[in-house]
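One structure is given below, encoded as structure tokens.
We did not get these values from a lab; they are worked out from the coordinates using the rules stated. Note that the coordinates shown come from a computational prediction; the quantities given were computed from them, not determined experimentally. Virtual Cβ from ideal backbone geometry, glycine too; neighbours counted across all protein chains shown.
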Amino acid sequence: MRLITRGDLDGLTSAVLITSMEKIDSIELVHPKDMQDGKVEVTGNDIVVNLPFHPKAAMWFDHHFGYDAQEVPAKFKGKYGVSPSAARLVFEYYNHPSLDKFGELVGETDRVDAAQLTLDDILHPKRYILLSYTLDPRTGLGGAFRSYFMHLLDWLKVHPIGEVLKMPEVKEKVDTILKNEKDFQKALKKHSKLDGNIVVTDFRRLAERPVGNRFVVYALYPEANVWMNLFKGRTADITVVSLGHSILNRTCNTNIGQLLSTFGGGGHRGAGTCQVPSKSAGRVIKKIKEILKANG
Ligand SMILES: [Mn+2]
């Protein structure tokens, strides 16, 4: 069978578990938006995990909502529901002793995917948390990313995390990330502004979107309880609005996934994105800000 998953730690951990339990011949990495838009060819030979529902899939696991939730049928093979990670749902579904050795991996995937991290995890990441920072699908799912993902999938099944982190490919990424983090923090401070309970980062004018630890902004703006990150989509006529609850000031009352689903996007309670035509972006952004402020 083929496994279709997302290129983040949750997608990776889900792949570790599913390839341990099912006979998988190939793996496809997909952006949730492409699945949502019906751009992914899915057949009855596919297991879809950590991605929106597809009616043809043989099995499906997900914990996100807002992606056409009304299309989720009452009966299907797999598991869907509120959970810190999709990997947790896979782990529970199979409930098999051979998966017990992945307990720490699944637990840490829960913490990363549900953003249950401490200031120390953000500033001094270790083990699986550190590994998760090397796996950033926002920079594209192309050849190099895919090859890295597939290596991690193999390594995590046989090597302890300490050894995985020492693999040259991983170590190189860790070193680059630590170097990049300084520049990212500079860009964040330059392009961010506090607006009530929201810290708004506007990267729309930049040719290239600065990318770094997505939690660092919360350490820089502890007054904010939610982050609005604006940047150009694949083309300039598309604007991406990304929202996330502060993981250090946990007082945001807005369900992000639900809010963004009303603008054609989705996500889960704590984080999500929507893509809007740049022409109408100003109006959408204004509306979203109003709701975030009104909810507090
Ligand atoms: Mn997930």
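Annotations for the structure displayed:
- Amide H to amide H distances under 5 Å link Ile4 with Glu28, Ile47, Val48, Val49, where only residues 5 or more positions off or on other chains count and H is placed in the peptide plane.
- Contact order for segment 210-275, expressed relative to its length and based on alpha carbon pairs under 8 Å spaced 6+ residues apart, stands at 26 percent.
- Averaging 1/r over each pair of different alpha-carbon atoms in segment 185-295 and inverting the result gives 13.8 Å, the Kirkwood hydrodynamic radius.
- Over 19 Å between alpha carbons, listed pairs Lys193/Lys293; Lys33/Lys232; Lys232/Lys279; Lys126/Lys166; Lys39/Lys173; Lys171/Lys232: Lys39/Lys173; Lys171/Lys232
- Mean separation of Cα contacts under 8 Å, 6 or more apart, over the residue count of the chain: relative contact order %: 14 percent
- Förster-model FRET efficiency, 25 Å R0, Lys75 and Met21, C-beta, rounded to 0.05: 0.75
- Taking Lys and Arg as +1 and Asp and Glu as -1, the other residues whose beta-carbon sits under 9 Å from that of Ser278 total +2.
- Once both labels are positioned 7 Å from their Cα atoms along Cα-to-Cβ, the gap between His151 and Asn95 label points is 3.8 nm.
- Derived scalar couplings ³J(HN,Hα) [segment 237-247; Karplus, 6.51 cos²θ - 1.76 cosθ + 1.60; whole Hz; x for Gly, Pro]: 7, 10, 10, 9, 10, 10, 10, x, 5, 4, 8
- Relative to the 2.2 N^0.38 Å rule of thumb, segment 2-166 has a C-alpha radius of gyration ratio of 0.99.
- Projecting label points 7 angstrom from Cα along Cα→Cβ for Arg283 and Lys179 puts them 4.6 nm apart.
- Applying 1/(1 + (r/R0)^6) with R0 = 35 Å to the Cβ-Cβ distance of Glu163 and Ala294 gives a FRET efficiency near 0.10.
- Listed residues Ala58, Ala224, Ala74, most fluctuating in the chain (Gaussian network, C-alpha, under 10 Å): Ala74
- Rough spin-label spacing in nm, given labels placed 7 Å along Cα→Cβ, for Ala236 and Glu28: 3.3 nm
- A Förster radius of 25 Å combined with the Cβ-Cβ distance from Leu119 to Gln258 puts the calculated FRET efficiency at roughly 0.35.
- Relative to the Cα centre, the charge distribution of segment 117-231, modelled as +1 at Lys and Arg Cβ and -1 at Asp and Glu Cβ, gives a dipole magnitude of about 240 debye.
- Remark: the chain carries a charge dipole of roughly 980 debye about the Cα centre, counting +1 on each Lys and Arg Cβ and -1 on each Asp and Glu Cβ.
- Plainly put, segment 1-92 has a radius of gyration that is 0.91 times its Kirkwood radius, both from alpha-carbon atoms, as the Rg/Rh ratio.
- A P(r) calculated from all alpha carbon pairs of the chain, with 10 Å bins opening at zero, reads 6, 28, 36, 24, 6, 0 percent.
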